[in-house]
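Got a structure for you, written out below as structure tokens; questions coming shortly.
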Amino acid sequence: MNFDFSDDQKQLRDQARKFLAEKCPPKAVRVVLDGKEPYDRALWKGFAEMGFLGVAIPEEYGGAGAGHLELCVIAEEVGRALAPVPFSSTVYLAAEALMLAGSDAQKQAWLPKIANGEAIGTLALFEGTGNPSPKAIKCEAANGVLNGTKKPVADGAIADLIIVAARTGSTGRDGDISLFLVGPKAGGVEAKALTNLDPTRGQAELTFKNCKAEPLGAAGEGWSIITQVLDRAAVLTAFEQVGGSDRALEMGRDYALDRIAFGRPIGSFQAVKHMLADMYVSATLARSNSYYGAWALSTNAPELPEAAASARISATQAFQHCAKNNIQVHGGMGFTWEFDCHMYYRRANALALGLGSLSYWEDQLIDRMRKRNAA
Amino acid sequence: MNFDDTPQEAAFRAEARSWIAANAPKQYEDELRATSLGRVGLKNADILEVAKAWQKKKADAGWACLHWPKEYGGRGSSPIERVIWQQEEGPYGKLSGMFIIGHGMCGPTMMAYASEAHKRQYLPPLASGEKVWCQLFSEPAGGSDVAGLRTRAEKRGDDWVINGQKIWTSGAHYSDYGILLTRTDPTVPKHKGLTMFFLDMKSPGVEVRPIKQASGHSDFNEVYFTDVVIPDSQRLGAVNDGWNVALTTLMNERMSIGAGVATGFPELFDFCSNLMLDDRPAIEDRNVRSKLASWAVKASGLKYTSIRAISALSKGERPGPENSIGKLVAGPMIQDVATYALDLQGAAGVLSGPEAELAGKFQAMLLRAPGTRVEGGTDEIMRNIIAERVLGLPGDIRVDKDLPFNQVPTKGRS
């Protein structure tokens, strides 16, 4: 047993941190936040050049074939820097769905393009208010043609490749759902960018009108694939959240050391110290749960579903807790546009929702624990 | 990152498992399993006798104090082997409760500061459970402020004479020996005038008075010293360097990290799985699930945090102050879990003992939990440790820091 990243993986982390510190300072994040660009194109190109996009993609499909532990390491740095690029939608959702369910031809067609930064991908799952559920999917597919509306779709307005969950049956069961792949040349897709809590990661509404789509995976297997993709994305997103939590904690700590009030650094007051200690505690618990998730993901262990749900819940709570209290430590300054605190607060709350909200994952976790106990 | 046993670890696990299966006191297993936090007691046997017998059996077969060197009664095991042992020992591990302070704190302090002859004399019977040790630090005037203690040690020839009082001393009523922190120079600032000793608890002038706790039980004591004589050869460390010796003891408390910190969660999960609420299992209720999930990730987070610490330990890193997190999370959690389990029982939650649900397991937990948040450092002290020693925030302002101890104010509103 060795419950830590290897020296090589730690080196990769340092490399990614250094790269992001240089190419993705807060002012670069703000260019996207202010709506001047939908995402940071130069940074995205840099991600491709550094090999971040294809780190977990097998070499035969143009990736580095390193594995998911390496991807976790990069995800943490992406979260720490709030990188305003469509990383999670492309890498955690589209690429994972392709790797899990794609035919060899589909993988050949798309994975190299994802790895080299040519293609942005996403998963179109949600249809308005509510959490992931087969029943909530009204979008229909018949004879290779899609009809329906999806929202919100992460990075949907800039995606070249859209994986769509659609209804192909009417039994009311999981088997009614199938996945489809929609490429850029398919007619009949209308994309509308939507305003959202965190403009550094875009959201869109996609409308499909008799849109040509090719099946991804077997008919009726859609829900099972989605569940697996969400579990995998939950672990990877947890690392983004862990990175964000750590950075928010650092910002709070640094401010508490620098800011003098009543003749002392505010970090010398127990009320402030204890708030920062609690942030450390939640960030640490999240990190540990995420490590377990990383191990389960990288070995495809039977524990993955439970580990993923634990990592997801713990990291969601931690990032929200740290981002919120970072603002509190900063006092009035923390609430200004000028300070970076709100960017973490936005990201924390957006990441908390993107793969299904906390209550969905709480439900998942308890179901999975019961199943294990019954086994 | 690998979560599975290596072949060597798997072999150790198999050996431990088969030895435990052949030797464990199985007649007590159900009772041991049923107690969580609260009080480990046996209906028809003296728990101390049973615990001592199990410890001796382990020692004779080389399974006691796994991480100690062999010459002092241990096994020289790796930190990971210790965790594997704890996992395999399961409910029988609860029998080690009365040895925790001796094995985790007194023994390592002796190892660091006692003479070789004393180590060989005192450590093996401590490892085997034949002799029980306690730690005499806290005082009425110095709980969290450990260095504020007032028990005096005065040199008389080759001996020291001790007068004063300790409090919150776990297990003093059945301990054979203790390590004792005293004040030897009141004219210097408080951390600079302390000296550590070990002593025989049966020495003339030592009086142990059990304290009745809020739970109704008596696990702690007041200990009074009246002209107790300790030979200078039983001093641990230099005169007036007791604070550094005490820090060694407290650091070793962190070494006793394991993968099985009690949180009350497994008990609550079982309870909610079986309890019927509105004609269906409580665990199917939306609100119950949400609470359970939040506690589940705390419990698993603690488990994997300690496994990360053990991984670091096995690579030769020292356990740092970040390990204060275990008690800080688990303490309040046990209290909240117990409160919630009683809430689910409605008005019947008020009952305790055999009349109550699960023979009052959660009620016992509720009454014991406040102590968990205080003993070994309060929640507030744990947060200070994390804030100051992990995050690097400024220390609290200490107005007594440079004052000679005998000039430190002793009264509040005067």
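Okay, residues lined up against (1) within 7 Å of chain A (Cβ to nearest Cβ); (2) of a type outside the set (A, V, I, L, M, F, W, C); (3) touching a residue at least 12 places away in the same chain (Cβ under 8 Å); (4) touching a Leu at 6+ places or on another chain (Cβ under 8 Å):
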site: B:Ala299; (1), (2), (3), (4): no, no, yes, no
site: B:Lys303; (1), (2), (3), (4): no, yes, yes, no
site: B:Ala330; (1), (2), (3), (4): no, no, yes, yes
site: B:Met333; (1), (2), (3), (4): no, no, yes, no
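Exactly one condition in (1) within 14 Å of another protein chain (Cβ to nearest Cβ); (2) over 19 Å from the mean Cα position of the chain (by Cα); (3) farther than 24 Å from A:Ala318 by Cα is false for B:Leu393; which is it?
So the condition that B:Leu393 fails would be (3).
Looking only at residues that are outside any helix (DSSP H, G or I) and farther than 17 Å from A:Pro152 by Cα in the stretch A:329-375, which one is farthest from the other protein chains (Cβ to nearest Cβ)?
A:Trp337
Okay, moving on. Would you confirm whether or not the stretch A:136-152 contains a residue that is under 23 Å from the mean Cα position of the chain (by Cα) and part of a loop (DSSP other than H, G, I, E, B)?
yes
Check whether at least one residue in the stretch B:310-326 is in contact with a Lys or Arg (Cβ under 7 Å, 6 or more places away or on another chain), of a type outside the set (Phe, Trp, Tyr) and closer than 20 Å to A:His274 by Cα, and report yes or no.
Yes, the stretch B:310-326 has at least one match.
Further question: Within the group A:Ala294, A:Ala311, A:Ala271, which residue is modelled with pLDDT of 95 or more, part of a helix (DSSP H, G or I) and over 27 Å from A:Arg232 (Cβ atoms)?
A:Ala271
Residues A:Asp246, A:Asp254: which one is more than 9 Å from every other protein chain (Cβ to nearest Cβ), assigned to a helix (DSSP H, G or I), surrounded by fewer than 24 Cβ atoms within 10 Å (Cβ to Cβ) and within 22 Å of the chain's Cα centre (by Cα)?
A:Asp246
State yes or no: is B:Ile381 within 14 Å of chain A (Cβ to nearest Cβ), within 21 Å of B:Met251 (Cα to Cα) and touching an Asp or Glu at 6+ places or on another chain (Cβ under 8 Å)?
Criteria not met by B:Ile381.
Okay, next question. From the list A:Asp246, A:Asp231, pick out the single residue that is over 30 Å from B:Asn384 (Cα atoms), touching a helix residue (DSSP H, G or I) at 6+ places or on another chain (Cβ under 7 Å) and not hydrophobic (A, V, I, L, M, F, W, C).
A:Asp231
Okay, moving on. Can we say A:Ala119 is within 22 Å of A:Ala219 (Cα to Cα) and either of a type in the set (A, V, I, L, M) or in a loop (DSSP other than H, G, I, E, B) (or both)?
For A:Ala119, the condition - within 22 Å of A:Ala219 (Cα to Cα) and either of a type in the set (A, V, I, L, M) or in a loop (DSSP other than H, G, I, E, B) (or both) - is not met.
Could you tell me which numbered condition B:Ile334 fails, if it satisfies all but one of (1) in a loop (DSSP other than H, G, I, E, B); (2) touching a helix residue (DSSP H, G or I) at 6+ places or on another chain (Cβ under 7 Å); (3) more than 21 Å from A:Ala283 (Cβ to Cβ)?
(1)
Could I ask something else about it? When the residues of the stretch A:1-28 are filtered to those that are within 14 Å of another protein chain (Cβ to nearest Cβ) and assigned to a loop (DSSP other than H, G, I, E, B), which remaining residue is nearest to B:Asp5 (Cα to Cα)?
Only one residue tops the list, namely A:Met1.
Return a yes/no flag: does the stretch A:316-324 have any residue that is within 22 Å of the chain's Cα centre (by Cα), assigned to a helix (DSSP H, G or I) and over 23 Å from B:Lys303 (Cβ atoms).
Yes: one or more hits.
Looking at B:Ser294, B:Ser324, B:Ser314, which is the one that is without any contact (Cβ under 8 Å) to a residue 60 or more places away in the chain, within 11 Å of chain A (Cβ to nearest Cβ) and of a type in the set (Ser, Thr, Tyr)?
Just a single option satisfies the conditions, and that option is B:Ser294.
In addition: Whether any residue in the stretch B:118-139 is touching a helix residue (DSSP H, G or I) at 6+ places or on another chain (Cβ under 9 Å), aliphatic (A, V, I, L, M) and farther than 23 Å from B:Trp19 by Cβ is what I want to check.
yes
Still on this structure, I have one more. How many residues does the stretch B:216-266 contain that are modelled with pLDDT under 95, touching a Leu at 6+ places or on another chain (Cβ under 9 Å) and farther than 27 Å from B:Leu66 by Cβ?
Final tally of qualifying residues: 2.
Among the residues of the stretch A:227-243, what is the count of those that are surrounded by fewer than 24 Cβ atoms within 10 Å (Cβ to Cβ) and β-branched (Val, Ile, Thr)?
Total satisfying the criteria: 1.
Additional query: Out of all the residues in the stretch B:226-241, which are crowded, with 18+ Cβ neighbours inside 10 Å and either among the basic types (Lys, Arg) or closer than 15 Å to B:Lys202 by Cβ (or both)?
B:Val228, B:Ile230, B:Gln234, B:Arg235
I would also like to ask the following. Residues of the stretch A:194-225 being acidic (Asp, Glu) and either within 23 Å of A:Ala97 (Cα to Cα) or not in a loop (DSSP other than H, G, I, E, B) (or both), which ones?
A:Glu205, A:Glu214, A:Glu221, listed by residue number.
Under 6 Å by Cβ, and 6 or more places apart or on different chains, what pairs join a residue from the stretch A:214-230 that is at positive phi with one that is modelled with pLDDT under 95?
A:Gly220/A:Gly175
What residue, among those in the stretch B:27-67 that are modelled with pLDDT under 95 and basic (Lys, Arg), is farthest from B:Val83 (Cα to Cα)?
B:Lys43
Please go through the stretch B:1-51 and pick out each residue that is among the small types (Gly, Ala, Ser) and either away from every other protein chain (no Cβ under 14 Å) or touching a residue at least 60 places away in the same chain (Cβ under 8 Å) (or both).
B:Ala14, B:Ala16, B:Ser18, B:Ala21, B:Ala22, B:Ala24, B:Ala34, B:Ser36, B:Gly38, B:Gly41, B:Ala45, B:Ala51
The values are calculated or read from the model by the stated rules, or taken from the named source; none is laboratory data. Note that the structure is a prediction, hence the values are computed from the model and not measured. Glycine gets a Cβ as well: all are built from the backbone with ideal geometry, and neighbour counts include every protein chain shown.
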